[in-house]
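*Asks:* This is the structure, below, for whatever I ask next.
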Amino acid sequence: MAITTIQPNRGASVPDFLAVGEEKEALVDWQKRCGINKEAQIRLVKLAHMRYQHPDLEEITAFLLDFGMQIAHQTYDQIWFRGYGDDQYVYYACKGPKKFLGGTFQVESYEDLQKAAKLPTAEGIRELTDAPGGGHILTLTDPEGFPMNLIFGQTPAEIGDYPPKITVNYEVEKPRALKFQRFTPGPAAVHKVGHFGMCVNKFHDMVDFYTTNFNLVPSDFLYADKAGEKKNVALFAHIDRGDKLVDHHTLFFSANETTHVHHASFEVHDYDTQNLGHQWLAKKGYRSVWGVGRHILGSQIFDYWWDTTGNMIEHYADGDLVNETTPIAYGPAGDESLAVWGPDVPPSFLN
């Protein structure tokens with residue numbers, strides 16, 4: 001009888017230009033091909049916080065505290081939640097019917113706000129007099145009608161305590177000698193907001209809007225075969241900061257029959273922190289969407305939850321970093337592109 005050899009699994013930290021595969025394009029070539037004028041763009045620095053409207057502030061507050069945020073400031077009908085990074089807050093909630101109020105990007109200068117104010121759907125620049133850290137904010141809408149917020153002049157917050165790095169023993173290298181791993185149950189403390197995603201009808205209009213008006217550039221395009229032709233149906237985009245390293249994606253959107261915000265994602269410390277937080281939320285009776293698992297695009301370890309208003313929210317850890325030298329990758333859309341390990345993708349995640 002022939003004996004079949006089964007190869008064990010392997011994992012490695014592979015250089016970006018190899019990991020993206022054969023279907024790829026240099027960012028500078030894509031920008032030239034698409035006629036991107038970088039000098040005309042509104043310059044984003046980072047995703048600073050998310051904004052939502054909730055009918056029950058007490059209920060969502062209990063959830064977000066269990067999710068790993070802390071209250072930075074509150075009034076009768078508004079609450080600002082922070083992580084332990086230098087953002088004054090990573091999540092803003094106000095009272096009212098369920099509504100997505102957009103992601104908020106920090107821009108490089110006040111002049112960027114003034115430039116944005118000239119866009120057709122932009123509202124006026126307003127000063128934030130009651131929010132922690134102050135600053136000025138402007139809201140506009142994209143081609144799907146989603147709000148997008150830009151902020152400048154906010155005073156950074158005092159950084160909180162960073163969790164200790166865990167020392168890991170491998171089969172040969174065992175640096176954790178005479179030290180035992182011990183953990184305290186509780187929420188997975190949030191560091192910052194990392195990205196958010198949307199399901200859209202006007203996919204190509206959205207790509208054009210965000211990559212022309214702002215320094216958002218593709219990390220990955222996913223395509224579908226339509227009448228024998230590859231058509232892009234999903235975009236993972238990051239903020240172009242030149243040679244500075246940034247998160248693999250800050251904004252994600254995919255073509256869908258229905259238009260809605262998909263999820264917002266918040267960074268936590270590491271794998272153990274995330275799993276303990278997952279266990280904490282499960283014991284509290286909150287509804288899991290998907291996870292824990294590891295994504296392929298972005299490489300993050302993920303776990304998704306429904307909040308008490310019905311919005312999807314994610315913890316992530318160990319995400320990829322990219323810069324202007326990272327090639328744009330192209331690949332087929334499908335469940336198999338979503339995770340390398342974890343539970344099967346539930347239907348509720350894809351809708």
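*Asks:* Which one of the conditions (1) of a type outside the set (Gly, Ala, Ser); (2) in contact (Cβ under 8 Å) with a residue 60 or more places away in the chain; (3) buried (at least 21 other Cβ atoms within 10 Å of the Cβ) does Thr308 fail to meet, given that it meets all the rest?
*Replies:* (3)
*Asks:* May I ask you to verify whether Ser299 is out of contact with any Leu (no Cβ under 8 Å at 6 or more places or on another chain), hydroxyl-bearing (Ser, Thr, Tyr) and either over 17 Å from Met50 (Cβ atoms) or at pLDDT 95 or above (or both)?
*Replies:* Yes.
*Asks:* Step by step: first the residues of segment 135-158, then only those that are in contact with a strand residue (DSSP E or B) (Cβ under 7 Å, 6 or more places away or on another chain) and charged (D, E, K, R), then the one that is most open to solvent (accessible area, probe 1.4 Å). Which residue is that?
*Replies:* Glu144
*Asks:* Could I ask something else about it? More than 30 Å from Glu324 (Cβ to Cβ), open to solvent by 20 Å² or more (accessible area, probe 1.4 Å) and among the small types (Gly, Ala, Ser): is that true of Gly277 in this structure?
*Replies:* Values: more than 30 Å from Glu324 (Cβ to Cβ): yes; open to solvent by 20 Å² or more (accessible area, probe 1.4 Å): no; among the small types (Gly, Ala, Ser): yes.
Answer is no for this residue.
*Asks:* Okay, moving on. Keeping to segment 317-331, report how many residues are under 22 Å from Glu267 (Cβ atoms), surrounded by fewer than 23 Cβ atoms within 10 Å (Cβ to Cβ) and of a type in the set (Ser, Thr, Tyr).
*Replies:* 0
*Asks:* Let me ask something else about it. Conditions first: (1) in contact with a Ser or Thr (Cβ under 9 Å, 6 or more places away or on another chain); (2) open to solvent by 20 Å² or more (accessible area, probe 1.4 Å); (3) over 23 Å from Pro164 (Cα atoms). Gly298 passes all but one, so which condition is the exception?
*Replies:* Checking Gly298 against (1) in contact with a Ser or Thr (Cβ under 9 Å, 6 or more places away or on another chain); (2) open to solvent by 20 Å² or more (accessible area, probe 1.4 Å); (3) over 23 Å from Pro164 (Cα atoms), the one that fails is (2).
*Asks:* Identify all residues within segment 78-134 that are among the basic types (Lys, Arg), in contact with a strand residue (DSSP E or B) (Cβ under 8 Å, 6 or more places away or on another chain) and free of Cβ contacts under 8 Å to residues at least 40 places away in the same chain; write none if there are none.
*Replies:* Restricting attention to segment 78-134, the residues satisfying the condition of being among the basic types (Lys, Arg) are 82, 95, 98-99, 115, 118, 126.
Now narrow it down to the ones that are in contact with a strand residue (DSSP E or B) (Cβ under 8 Å, 6 or more places away or on another chain): 82, 95, 98-99, 115, 126.
Listed by number, the list holds a single entry, Arg126.
*Asks:* Before we move on, is Phe209 at pLDDT 95 or above and either more than 24 Å from Met50 (Cα to Cα) or open to solvent by less than 20 Å² (accessible area, probe 1.4 Å) (or both)?
*Replies:* It is false that Phe209 is at pLDDT 95 or above and either more than 24 Å from Met50 (Cα to Cα) or open to solvent by less than 20 Å² (accessible area, probe 1.4 Å) (or both).
*Asks:* What number of residues within segment 183-206 are buried (at least 16 other Cβ atoms within 10 Å of the Cβ) and not small (Gly, Ala, Ser)?
*Replies:* Matching residues across segment 183-206 total 13.
*Asks:* Take Ile36 and tell me if it is in contact with an Asp or Glu (Cβ under 6 Å, 6 or more places away or on another chain) and either modelled with pLDDT under 95 or farther than 22 Å from Asn311 by Cα (or both).
*Replies:* Details: in contact with an Asp or Glu (Cβ under 6 Å, 6 or more places away or on another chain): no; either modelled with pLDDT under 95 or farther than 22 Å from Asn311 by Cα (or both): yes.
For Ile36, the condition - in contact with an Asp or Glu (Cβ under 6 Å, 6 or more places away or on another chain) and either modelled with pLDDT under 95 or farther than 22 Å from Asn311 by Cα (or both) - is not met.
The values are calculated or read from the model by the stated rules, or taken from the named source; none is laboratory data. Just so it is clear, the model here is predicted, and its values are computed rather than measured. In this analysis, Cβ positions are derived from the backbone assuming ideal geometry, glycine residues included, and neighbour counts consider all displayed protein chains. Quick note on the areas: whole protein, heavy atoms, side chains included, nothing else; ligands and nucleic acids left out. Shrake-Rupley method; radii C 1.70, N 1.55, O 1.52, S 1.80 Å.
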